[in-house]
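Peer 1: Handing you a structure now.
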Amino acid sequence: MASKLLNSNWRKDKDCNGLVTPSIKSLSSDFLRSKKRNSFILTTCDLTYLKENINYLESYENSASMLFLLCGVYFDVKEIDYCEKILWAIKIKHKFKKVIMFPFYCKKLSWITNQQKDEEIQFDYIINYIKCARFNLVSQLWTATGASKLETTIKNSATFIIDLDAEFHQDLILKFNEYYGNKNMVLSWDSTLESQINKNSAFVETLNASSIKINKDSANLKVILSHTIIKAGFMCLSPSFTSKIFLELFAAYSIGTLESPIYHRLFTFYYGDQISILHSMMDLKTLIPKEYLNKIDWIDIGTSEIVSLCRNKQACLFLPKGNALKYLKG
């Protein structure tokens with residue numbers, strides 16, 4: 001697989017240089033007109049995954065949460081003309097009101113995948129791109145809702161980025177605001193995976209450490225990679241200077257810029273979203289003044305009773321472990 005990726009023709013084709021930014025086809029007018037549009041939950045998937053896991057959206061529709069859940073559904077450019085009809089039929093069938101599905105696409109991604117003869121590589125590229133898209137779509141959604149003009153904290157305008165199969169047990173926003181309402185960004189990490197990180201210090205202080213941690217207590221050599229400790233399945237951002245810089249950095253790492261070599265685009269790797277988060281945060285530490293860094297916080301989903309990897313009745317949000325593996329074939 002590695003040799004196939006390294007020898008992919010599109011990596012050497014200058015004609016493919018350019019942006020692979022996701023494009024939103026349309027957004028619900030009900031959502032855009034709502035006074036509650038400045039705070040919402042965002043997830044992404046493709047149509048197959050949506051249909052196979054529609055029960056999670058049904059569960060959210062019946063939950064106590066009052067936020068809109070925006071579900072971006074990826075469509076190939078060949079399908080974009082009839083994608084809205086498909087999503088409208090699903091909305092009517094399941095009587096969604098809080099769940100807002102919207103189609104997005106990327107012409108350049110379709111070109112890239114069409115260059116691959118191996119179907120597994122095509123599949124992996126698309127899935128990894130979709131996982132990164134939940135971060136890369138935020139700026140467009142803020143522009144559409146008018147939130148991009150704001151400079152505010154999570155208490156006043158919050159965008160929660162989650163996995164589609166997250167389970168809501170209580171109203172997330174009330175409890176989250178109690179602890180993190182005055183922040184601009186809250187990222188998640190899992191202390192159950194850490195090895196030699198000092199548990200008595202803030203996790204953000206480890207971002208300058210080596211990306212490889214060796215667990216010397218293990219009978220077998222065990223390597224802990226920092227990007228696996230940072231989790232992409234939960235993040236909260238508010239429209240702010242700090243969040244906007246982070247999103248620009250994330251886009252540069254995950255999908256590249258006009259100036260960057262195409263082979264640097266991390267969406268081609270399975271952990272591309274987590275690696276992009278890690279490197280963006282490392283850069284952010286050196287780019288912005290300390291007063292902005294103080295607006296960033298971390299939530300340990302390995303121990304938290306707000307967002308948890310454990311099925312805790314008191315937790316507002318349950319994130320099943322290993323949920324990303326459901327994206328894979330087999």
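The values are calculated or read from the model by the stated rules, or taken from the named source; none is laboratory data. Quick caveat, the model's predicted, so the values are computed rather than measured. Using ideal geometry, Cβ is built from the backbone for each residue, glycine included, and neighbour counts are taken over all protein chains shown.
Peer 1: May I ask you to say which residue of Leu32, Leu42 is touching a strand residue (DSSP E or B) at 6+ places or on another chain (Cβ under 8 Å) and closer than 30 Å to Phe176 by Cβ?
Peer 2: Sole residue among the options that is touching a strand residue (DSSP E or B) at 6+ places or on another chain (Cβ under 8 Å) and closer than 30 Å to Phe176 by Cβ: Leu42.
Peer 1: Return the residues of region 290-314 that are surrounded by fewer than 18 Cβ atoms within 10 Å (Cβ to Cβ) and of a type in the set (Asp, Glu); say none if nothing qualifies.
Peer 2: Hits for region 290-314 are Glu291, Glu305.
Peer 1: Moving to a separate point now. Of the numbered conditions (1) touching a helix residue (DSSP H, G or I) at 6+ places or on another chain (Cβ under 9 Å); (2) assigned to a helix (DSSP H, G or I); (3) at pLDDT 50 or above, Ala232 fails exactly one; give the number of that condition.
Peer 2: In the conditions (1) touching a helix residue (DSSP H, G or I) at 6+ places or on another chain (Cβ under 9 Å); (2) assigned to a helix (DSSP H, G or I); (3) at pLDDT 50 or above, Ala232 misses (2) alone.
Peer 1: Failed condition for Thr206, given (1) modelled with pLDDT under 90; (2) part of a loop (DSSP other than H, G, I, E, B); (3) within 26 Å of Cys310 (Cα to Cα), with all others met?
Peer 2: Looking at each condition in turn, Thr206 falls short on (2).
Peer 1: Can you name the residue in region 69-90 that is more than 17 Å from Ser59 (Cα to Cα) and of a type in the set (Val, Ile, Thr) and, of all such residues, is surrounded by the fewest Cβ atoms within 10 Å (Cβ to Cβ)?
Peer 2: This residue is Val77.
Peer 1: Then there's this: For the subset of region 269-314 comprising residues that are more than 15 Å from the chain's Cα centre (by Cα) and of a type in the set (S, T, N, Q), which member is farthest from Pro239 (Cα to Cα)?
Peer 2: Taking the candidates together, the pick is Asn312.
Every residue, every condition in (1) modelled with pLDDT of 80 or more; (2) outside any loop (DSSP other than H, G, I, E, B); (3) of a type in the set (D, E, K, R), yes or no:
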| site | (1), (2), (3) |
| --- | --- |
| Asp165 | yes, no, yes |
| Gln170 | yes, no, no |
| Leu174 | yes, yes, no |
| Asn182 | yes, no, no |
| Ile197 | no, no, no |
| Asn200 | no, no, no |
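Residues checked against (1) part of a loop (DSSP other than H, G, I, E, B); (2) of a type in the set (Ser, Thr, Tyr):
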{"site": "His279", "(1), (2)": "no, no"}
{"site": "Tyr292", "(1), (2)": "no, yes"}
{"site": "Trp298", "(1), (2)": "no, no"}
{"site": "Gly302", "(1), (2)": "yes, no"}
{"site": "Gln314", "(1), (2)": "yes, no"}
{"site": "Lys321", "(1), (2)": "yes, no"}
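Peer 1: While we're looking at this one, here's another question. Condition first: surrounded by 22 or more Cβ atoms within 10 Å (Cβ to Cβ), in contact (Cβ under 8 Å) with a residue 40 or more places away in the chain, charged (D, E, K, R) and over 18 Å from Phe160 (Cβ atoms). Can you find one or more residues in region 116-131 that meet it?
Peer 2: Yes, region 116-131 has at least one match.
Peer 1: Yes or no: region 257-267 includes at least one residue that is modelled with pLDDT of 75 or more, surrounded by fewer than 19 Cβ atoms within 10 Å (Cβ to Cβ), out of contact with any strand residue (DSSP E or B) (no Cβ under 7 Å at 6 or more places or on another chain) and in a loop (DSSP other than H, G, I, E, B).
Peer 2: no
Peer 1: Related question: Does Ser65 qualify as being closer than 19 Å to Ser34 by Cβ and within 21 Å of the chain's Cα centre (by Cα)?
Peer 2: yes
Peer 1: Of everything in region 109-125, what is under 18 Å from Thr21 (Cβ atoms) and either at pLDDT below 85 or among the aliphatic types (A, V, I, L, M) (or both)? Give them in sequence order.
Peer 2: Result: Leu109, Ser110, Trp111, Ile112, Thr113.
Peer 1: Mind checking which residues of region 99-115 are more than 23 Å from Ser276 (Cα to Cα) and surrounded by 18 or more Cβ atoms within 10 Å (Cβ to Cβ)?
Peer 2: Answer for region 99-115, where residues must be more than 23 Å from Ser276 (Cα to Cα) and surrounded by 18 or more Cβ atoms within 10 Å (Cβ to Cβ): Val99, Ile100, Met101, Phe102, Pro103.
Peer 1: Determine, yes or no, whether Lys93 is part of a helix (DSSP H, G or I), modelled with pLDDT of 95 or more and surrounded by fewer than 16 Cβ atoms within 10 Å (Cβ to Cβ).
Peer 2: yes
Peer 1: Tell me, please, whether a residue that is β-branched (Val, Ile, Thr), part of a loop (DSSP other than H, G, I, E, B), out of contact with any Phe, Trp or Tyr (no Cβ under 6 Å at 6 or more places or on another chain) and touching a residue at least 40 places away in the same chain (Cβ under 8 Å) can be found in region 147-156.
Peer 2: yes
Peer 1: Right, something else. I'd like to verify a number: residues in region 135-146 that are crowded, with 22+ Cβ neighbours inside 10 Å, hydrophobic (A, V, I, L, M, F, W, C) and assigned to a helix (DSSP H, G or I), how many?
Peer 2: Within region 135-146, residues that are crowded, with 22+ Cβ neighbours inside 10 Å, hydrophobic (A, V, I, L, M, F, W, C) and assigned to a helix (DSSP H, G or I) number 3.
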